[in-house]
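The values are calculated or read from the model by the stated rules, or taken from the named source; none is laboratory data. In this text the structure is predicted, and so the values were computed from the model without any measurement. When we count neighbours, we look across all protein chains shown, and the Cβ atoms used for this are built from the backbone with ideal geometry, even at glycine.
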Amino acid sequence: MTQKLLKELINYHCAGGWGKDKEFDESELVNVIRGTDFGNILKGNIQSVPCRFEKKSKVKKCLIQEDDILIEISGGSAAKGQSVGRTLLVTKEILDLFDKNVIPASFCRLIRLDKNIISAPYVYYNLQNLYKNKQITIWEKQSTGISNFQFTDFINELFIDVLNFDEYRNRIFPLEILDKKIELNQKMNETLEEIVQTLFKSWFIDFDPVKAKAEGRPTGLSKEINDFFPDSFEDSELGQIPEGFKVDGVDNHYDISIGKTPPRKEPEWFSENQQDIPWVSIKDMGDAGIYINKTSEFLTNEAIKKFNIHVIPKNNVILSFKLTVGRVAILQKDMCTNEAIAHFIPKDDDLSEVFTYCLLKSIRYESLSSTSSIATAVNSKIIKAMKCIFPSKALLIAFNEFCLPIYEKIEININEIETLISLRNTLLPKLISGELKIPDAENFIEEAGI
């Protein structure tokens, strides 16, 4: 076995970026991938990937191809202990997500390997191993509170094992199997959530069954559910709504509380001990999906008591309303939050976590702002005063009966994803180093019940 510097294995690399305003040309619209988008892209979600205008010469040089590796080189907060060096292996499936050319953002670097010498997935898993074990931090430099990655030093100093391709496959095959299963579960959850969101929109936003009955058309629903919908509309302060539906303030249907942050200058209130109370930040909500069960920080029981901080029971819904407005998540365990997040505990059991989640996801929060900056204009008083349309109790029950089992399946899939990720992270360094062989890895996977 021999080793080569990463620099010797690279055919081409370039810095990303986008043009300045004066260089914008609408004919050269491209998608831009940022390091912060890597997780969303792997889930098949590109909504947060911005479209930018870019100079034609820059686009041609930086167009991303299959098997390219992207590495984040700037953007982490040193004060919060956030590391750069996250990586993304570009697959055909990722490229298929984009209907236009795609380039890395200015905070990313593109690496294109010599495929005749080395396997791109093998190098990717090597870099993942360095990142997950914080070994990549030796190439970090802190500047004005921001973590920056010393890319040139990195490729000039990192050695990679150069093996035959059969050995590459032996080292990464179990990891690829686990990643495929993770991806499958994520896509299944996207499909399941889309089913629920589509139903919620049809019943409670577009009022499709009511429109059909009013026009004498079939609704396509069972007779029992069909009978729950009226056949006419009435005026309300939010416009035409189905007869029998009600416009009301959310605070009449939910006990709404706001989180707190103990004094940051008194570190004794904060903890990294998972036995303490999970404390949710907006970033934690961004890292989570529908359900949230992990936080980067915890509060001690003493902090909870001293500062009278609300601990929200599991299966209730939280909403971010400052800085990043409109993130919604369901708690998988008892948690507390910072002051940028509101908690919604229903006063009626029929206001399930699924209905509440869909309701809060459907609100156009920009309409609540009286200024151009929603991030600063929306406050807790505005959140508590929001007006929403609430259906009849019978329709709430019907919605819950159909949708709750779907979200239970989503939660099962999420828990399995967590198990798969943990197993993959355990196997990663052992497989990459050659310490563990495929039969041993298969035994690990079998024992985990995967």
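Looking across region 1-49, just one residue is small (G, A, S), part of a helix (DSSP H, G or I) and modelled with pLDDT under 65, and that is S27. The conditions of being of a type outside the set (F, W, Y), touching a residue at least 24 places away in the same chain (Cβ under 8 Å) and farther than 30 Å from L110 by Cα are not met by L221.
Among the candidates I389, I412, the residue that is modelled with pLDDT of 90 or more and not in a helix (DSSP H, G or I) is uniquely I389. Would you mind stating whether I177 is in the same structural domain as K7 (by TED's automatic domain parsing), closer than 21 Å to Q128 by Cα, of a type outside the set (K, R) and surrounded by 14 or more Cβ atoms within 10 Å (Cβ to Cβ)? It is false that I177 is in the same structural domain as K7 (by TED's automatic domain parsing), closer than 21 Å to Q128 by Cα, of a type outside the set (K, R) and surrounded by 14 or more Cβ atoms within 10 Å (Cβ to Cβ).
Hey, does region 183-204 have a residue that's in contact with a strand residue (DSSP E or B) (Cβ under 8 Å, 6 or more places away or on another chain) and within 30 Å of S232 (Cβ to Cβ)? Yes: one or more hits.
Give D255, D284 a once-over and let me know the one that is of a type in the set (D, E) and either touching a residue at least 24 places away in the same chain (Cβ under 8 Å) or not assigned by TED's automatic domain parsing to the domain that holds K333 (or both). Show your work before the answer.
Working: D284 fails: either touching a residue at least 24 places away in the same chain (Cβ under 8 Å) or not assigned by TED's automatic domain parsing to the domain that holds K333 (or both).
Answer to the selection: D255.
In summary, strands (runs of 3 or more DSSP E) completely within region 111-206 and bearing 3 or more residues that are touching a residue at least 24 places away in the same chain (Cβ under 8 Å) and under 25 Å from the mean Cα position of the chain (by Cα) occur at 146-149. Looking at region 92-135, which of the residues that are among the β-branched types (V, I, T) and within 13 Å of Q65 (Cα to Cα) is modelled with the highest pLDDT? The selected residue is I111.
For (1) part of a loop (DSSP other than H, G, I, E, B); (2) of a type in the set (D, E, K, R); (3) touching a Ser or Thr at 6+ places or on another chain (Cβ under 9 Å); (4) more than 12 Å from T337 (Cα to Cα), each residue gets a yes or a no:
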{"position": "D255", "(1), (2), (3), (4)": "no, yes, no, yes"}
{"position": "P278", "(1), (2), (3), (4)": "no, no, yes, no"}
{"position": "T295", "(1), (2), (3), (4)": "yes, no, yes, no"}
{"position": "V325", "(1), (2), (3), (4)": "yes, no, yes, yes"}
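If you filter region 289-314 down to residues that are crowded, with 19+ Cβ neighbours inside 10 Å and among the aliphatic types (A, V, I, L, M), you find that the one that is nearest to G326 (Cα to Cα) is I290. Inspect all residues belonging to region 333-355 and state whether any of them is of a type in the set (V, I, T), at pLDDT 95 or above, buried (at least 21 other Cβ atoms within 10 Å of the Cβ) and in contact with a helix residue (DSSP H, G or I) (Cβ under 6 Å, 6 or more places away or on another chain). Yes, the conditions are met somewhere in region 333-355.
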